[in-house]
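A short reminder: the numbers here are calculations on the coordinates, not readings from a lab. Model, not experiment: these values are computed from the prediction. Here the Cβ positions follow ideal geometry from the backbone for every residue, glycine too, while neighbour counts run over all protein chains shown.
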Amino acid sequence: MLDYLLTEEQEAVRDLARTIAEEEIRPVAAHYDVTGEFPWPVVRKMAEVDLFGVLVPEEYGGLGGTMTMNMVLVTEELSKACGGIALAFAGTALGVLPILIAGNEEQKRRFLPDVAAGRRLCAFAITEPQAGSDAGGIRTTALRDGDHYVLNGTKQWITNGGEAEIYTVVALTNPAKGPRGASVLVVEKGTPGFSFGKKEDKMGIRASATRELVFQDCRVPVENLLGKEGTGFITAMKTFDASRPGVGAQAVGIAQGALDLAVAYAMERKQFGHPVSSFQGLRFLLADMAMKVEAARALVYAVARHIDAGSKWRPTMYSAMAKCFASDVAMEVTTNAVQVFGGYGYMRDYPIEKYMRDAKITQIYEGTNQIQRDEISKILIGEHVAGRGSGS
Ligand SMILES: Cc1cc2nc3c(=O)[nH]c(=O)nc-3n(C[C@H](O)[C@H](O)[C@H](O)COP(=O)(O)OP(=O)(O)OC[C@H]3O[C@@H](n4cnc5c(N)ncnc54)[C@H](O)[C@@H]3O)c2cc1C
């Protein structure tokens, strides 16, 4: 791997995540993939070593520092061993972002220390049955009634759904205004009128819990509104700016994990009296895989650093690029890794087909790759029309 000139703190964070991944996740990844159970024992280990602390500033009990880069490093390492188990962490990173972005001091003090300690997982909910890519079409309402908002509606396919305790939910506080009337509220598990649908039976990331959130006259105190009414979509978009490099990191981890297994297998498997790694056709395939994984990693790290630097340029286009590029690489590399394993790669007795199944979701969630390309092209064309340099 290239030397990315990580700081001592970043190296320590990465090494800690790597230890957890190798000692706690890899041995049980197949079990959770088959059973689809939520990996609570692993999550508790992650909490014990303060892994969730990287998501929270120091003043609220976390590690602080270069938070995006640290999140990226942890997500990548965990995903090398299991892209599904990694989501208990990465889904919490996504869910806590609206609090970090739009929460006031009191809200941060109330929620963040528990997240830093790994006592409470988080989830972010915008998607609804009829509103996926078209997130502006959400219908869940949160109507003010005295000192509460009353929520009604259904959120679909929410990562960490049912397991998390803290939900950042995008809902319409002023339905007449459509997306401009959207707000983000924190809804805690256990609030009356808040329940969960069945756990989804998925193709990949099976250790991750995906559930519906159902709100029926669910009363949430006004103190749980993040930012001002009507700023929900701005908060959601800023959330994706910061979280998409995390999906990129998950993709890089899955791709690297598959590549490592493919290289080891190619050196071990013999045909025609030689290891299959001696055949140029396979060597070039492995070389292409390695090249693409490294390019994806370099882009993801660069965008994470851009965000941590607090650059005046909004990262929107680059976050979309990191997510889109890395996830396309993950799909290609994991598919080719199965190819390297030949027929054995197709068998569930071998660990490689799981990587291919896990990779697919990274092209779909937090905006499909069609939507990422749409965002990238809109910004590109907008910039050219306005005659500005790239990056604004
Ligand atoms: C396992 C899993 C976990 C998830 N976790 C969460 C979560 O934690 N929180 C959350 O809020 N959501 C979550 N989602 C939802 C996810 O973000 C959406 O599935 C995704 O945004 C796509 O929406 P959709 O599935 O409704 O697809 P659709 O929007 O119906 O898209 C269908 C197809 O049309 C394409 N398409 C749509 N519009 C356009 C366009 N304008 N241009 C070109 N192509 C287009 C899409 O790319 C796609 O190929 C999760 C989904 C899954 C499957």
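Summary table below
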{"read-out": "Local net charge near Phe111, Cβ-Cβ under 13 Å (Lys/Arg +1, Asp/Glu -1)", "value": "0"}
{"read-out": "Between helix 8-20 and the chain: long-axis angle, C-alpha atoms, 0 to 90°, nearest 10", "value": "80"}
{"read-out": "Residue order, fewest to most beta carbons within 10 Å, for Val252, Val329", "value": "Val329, Val252"}
{"read-out": "Cβ-placed point charges (K, R +1; D, E -1), dipole of the chain about Cα centre in debye, nearest 20", "value": "840"}
{"read-out": "GNM result for the chain, Cα springs below 10 Å: residue of Tyr365, Tyr344, Tyr301 fluctuating most strongly", "value": "Tyr344"}
{"read-out": "In degrees, nearest ten, helix 280-308 long axis to first principal axis of the chain (Cα)", "value": "30"}
{"read-out": "Segment 298-332: trypsin sites (Lys or Arg not before Pro) falling in loop per DSSP and having at most 11 other Cβ within 10 Å", "value": "Lys312"}
{"read-out": "FRET efficiency for Ser133 and Arg348, using Cβ-Cβ distance with R0 set to 41 Å, rounded to 0.05", "value": "0.80"}
{"read-out": "Distance violations [Cα-Cα > 24 Å] among Lys155/Lys199; Lys177/Lys238; Lys189/Lys360; Lys189/Lys354; Lys80/Lys198", "value": "Lys189/Lys360; Lys189/Lys354; Lys80/Lys198"}
{"read-out": "Degrees between helix 86-102 axis and first principal axis of the chain (Cα, 0 to 90, nearest 10)", "value": "40"}
{"read-out": "In Hz, Karplus ³J(HN,Hα) per residue of segment 194-199 (6.51, -1.76, 1.60; θ = phi - 60°; x = Gly, Pro)", "value": "10, 9, 10, x, 6, 6"}
{"read-out": "Charge sum, other residues only, whose C-beta stays under 12 Å from Met289's C-beta, Lys/Arg counted +1 and Asp/Glu -1", "value": "-2"}
{"read-out": "Built amide H within the under 5 Å cut-off of Gly64, gap 5+", "value": "Val56, Glu58"}
{"read-out": "Ordering of 134-141, 19-26 by burial proxy (mean other Cβ atoms within 10 Å per residue, highest first)", "value": "19-26, 134-141"}
